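Visitor: Encoded as structure tokens, here's the structure I'll be asking about.
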Amino acid sequence: MSLTEDIKQKAIELGFDLVGITDASPLDDKQFKFLNDWLALGYAGRMLYMRKNLDKRTKPAKLLENAQSIICLGLNYTPPMIEKKPPDTNISAGRIANYAQYEDYHLFIKRQLRKLTDFIASVAGTGFKFKICVDSAPVPERALAVRAGLGFIGKNHMLINPTLGPQIFLAEIITNLKLQTDESVTDDCSGCNKCVDACPIGALQPDGHLNANKCISYLTIEYKGEIPPDLAEKIHDRLFGCDECVLACPYQQNVPVCKNKNFKFYPARANLNLSRILDMTEDHFQTEFADSPIKRPGLQPLKRNAKICLQNLFTAK
């Protein structure tokens, strides 16, 4: 087999569901304009980091000297079907987004990518240079995944694979190796608006942009201030994140669940006791969620969310 085929086979052996390769060329003018327009409209909210490193966000080769290729990988995180117990009517619980019911994907995927780069180094030789990217680096990961043939970007702004749907973690290895590239996927969802209609606050705009200021995931995870009452009431019982635009997607129906048995899944984290969150100390929070994406906003914002959820649940009674 060729080096490209060896890399792809090893990636699948390591538990990734998707692997494709694109070159390290910049985003095209249309994608660059879309990003700039989104920032100019204020749709990034208070995520000031999105305005930084624009050169790197649009020119991935800036992240590695002599970059030639980008290995794009995808991991399906559709949760397994868990038999639900009858709800305890005396307990008010807040919903947790599907991806956060697993261990911290940043750490897990980086470990797998290091195994992959170790393998590549063993077969490619000493000239192999690389940079691992898992969400935190300023990389246009969805645009690159499209170019690498992993799927297309839907109206919900998620990378959608026609077979696996939109619940996919993305990661990249930028390398100086010249590898064979893949063809992009031509599917789209232009005739469907189910995700747009499903968004509780209307974050998915008619012009195709995502207005983070109205996105429950942004408000409950990234936003640090007091959430305006008119938005807070629409959060309902979502303690951390939101899956509505993903679950409404027709491509999400009848997809396989996550098959990677090494990726720890915590079914008990699907719904968390809101009163328990409010009583939680900082030490308890850090210990319980040490391996979880739930730790990202910090304890105080999570308590803010718990108060909102309790108020909404009380009002709904």
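Visitor: Between E288 and T181, what's the calculated FRET efficiency when r is the beta-carbon distance and R0 is 35 Å? Round to 0.05. Write down the numbers at each step before the final one.
Guide: Working: r = 44 Å, r/R0 = 1.24.
Calculated transfer efficiency: 0.20.
Visitor: Let me ask something else about it. Full-extension gain between D188 and Q68, please, as 0.36 nm times their residue separation minus the C-alpha to C-alpha distance.
Guide: Computed gain between D188 and Q68 is 40.4 nm.
Visitor: Extending each Cα 7 Å along its Cβ direction at D207 and F34, get the distance between those two points in nm, one decimal.
Guide: 1.5
Visitor: Can you give the helix-only mean residue ellipticity at 222 nm for the chain, where every DSSP H stretch with n ≥ 4 adds -39500 (n - 2.57) and the sum goes over all residues, rounded to the nearest 500 deg cm²/dmol?
Guide: -9000 deg cm²/dmol
Visitor: For the chain, set up a GNM with springs between Cα atoms under 10 Å and report which of D23, D118, D283 has the largest fluctuation.
Guide: Answer for the Gaussian network model of the chain: D283.
Visitor: With axes computed from alpha carbons, what is the tilt in degrees of helix 29-40 against the longest principal axis of the chain, rounded to the nearest 10 within 0 to 90?
Guide: 30
Visitor: Mean-square fluctuation check for the chain, GNM, Cα pairs under 10 Å: which of S275, S292, S122 is largest?
Guide: Of the options given, S122 has the highest mean-square fluctuation.
Visitor: Taking K264 as the anchor, which lysines have their alpha carbon closer than 17 Å to its alpha carbon, excluding any fewer than eight residues away along the same chain?
Guide: K110, K295
Visitor: Springs between alpha-carbon pairs under 10 angstrom, Gaussian network model over the chain: which of L239, L177, L219 fluctuates most?
Guide: Comparing L239, L177, L219 in a Gaussian network model of the chain, the most mobile one is L177.
Here, each number is a calculation from the coordinates, and none is a lab measurement. Bear in mind that the values here come from a model prediction, so they are computed numbers and not experimental data. Note: ideal-geometry Cβ built from the backbone for every residue, glycine included; neighbour counts use all protein chains shown.
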